[in-house]
Amino acid sequence: AAPLARGLAAAVAVLIIACPCAMGLAVPTALMVATGRGARQGVLIKGGVALQRAGGVTAVVLDKTGTITEGRPAVTAIATLSASTGEDELLRLAAALEKSSEHPLAEAIVAHATARGLSLPPAEGFDSVTGRGARGRVGGREVLVGNEAMLREHAVDAAPLRAEAERFAAAGWTPVHVAVDGQPAGLVAVADPVRATSPAAVA
């Protein structure tokens, strides 16, 4: 019994000493290989804790703007309600007003109008409404540019624009409502294009 006990004690001692040593060598080596391989494929890993937690990830949420997109919104479509206010005129009025705004969507509208070669007269009485849009006078015409709530708050019936706005939204575009002289005039759709490399990165 005594030799068996001594042998068992020796075996346990070897295990206690050997296992932590092996773990102490293996874990850093595995982390180094994993982070190095990830870096070569363009994936940066913050450290061992992050790598270990990644094994339990079931869903990944990505911030859209500037992460998987270009980060530069652009006009993707224009819709007008009547022939009297065509696309160029609608864009000209909206851009003339938005030229005084610093909002990214406003910058996209101004850039698109400039690219079309439209002349943008100065806006008078410009007023920016946080979370809604902007209003002012362009060439003696009262212009509202913003979301549906902006139009409603200024007693403009946005219903004629709703179907087209929903179509734009379904495509992933932001519908910017435009009203002229108290009447709904049309929509300008603005979107942030997805980077060409994003699908492969997400996959």
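The values are calculated or read from the model by the stated rules, or taken from the named source; none is laboratory data. Keep in mind that what you see is a predicted model, and the values were worked out from it rather than measured. Note that we place each Cβ from the backbone using ideal geometry, even for glycine, and neighbour counts take in every protein chain shown. Surface areas here come from the heavy atoms of the whole protein model, side chains and all, with no ligands, DNA or RNA. Shrake-Rupley method; radii C 1.70, N 1.55, O 1.52, S 1.80 Å.
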Check your understanding: Which percent of the accessible area of the stretch 51-157 is formed by carbon and sulfur heavy atoms (probe 1.4 angstrom)?
Key -> 50 percent
**Study point:** Computed lengthening from residue 88 to residue 54, 0.36 nm per intervening residue step minus Cα-Cα distance
**Key:** 7.2 nm
Check your understanding: If R0 is 35 Å, what FRET efficiency do you get for residue 171 and residue 127 from their C-beta distance, rounded to 0.05?
Key -> 0.70
Review point. Label point 7 Å out from residue 194 along Cα-to-Cβ: which residues of the stretch 68-101 have amide N under 19 Å?
Key: 68-77
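Taking 0.36 nm per intervening residue step and subtracting the Cα-Cα distance, what contour gain separates residue 159 from residue 30 on full extension?
40.4 nm
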**Study point:** Contour excess over end-to-end distance, with Cα ends at residue 119 and residue 77 and 0.36 nm allotted per residue
**Key:** 13.2 nm
Study note, to complete from the structure: Label model pair residue 39, residue 4: point-to-point distance (7 angstrom along the Cα→beta-carbon line) in nm is 5.4 nm
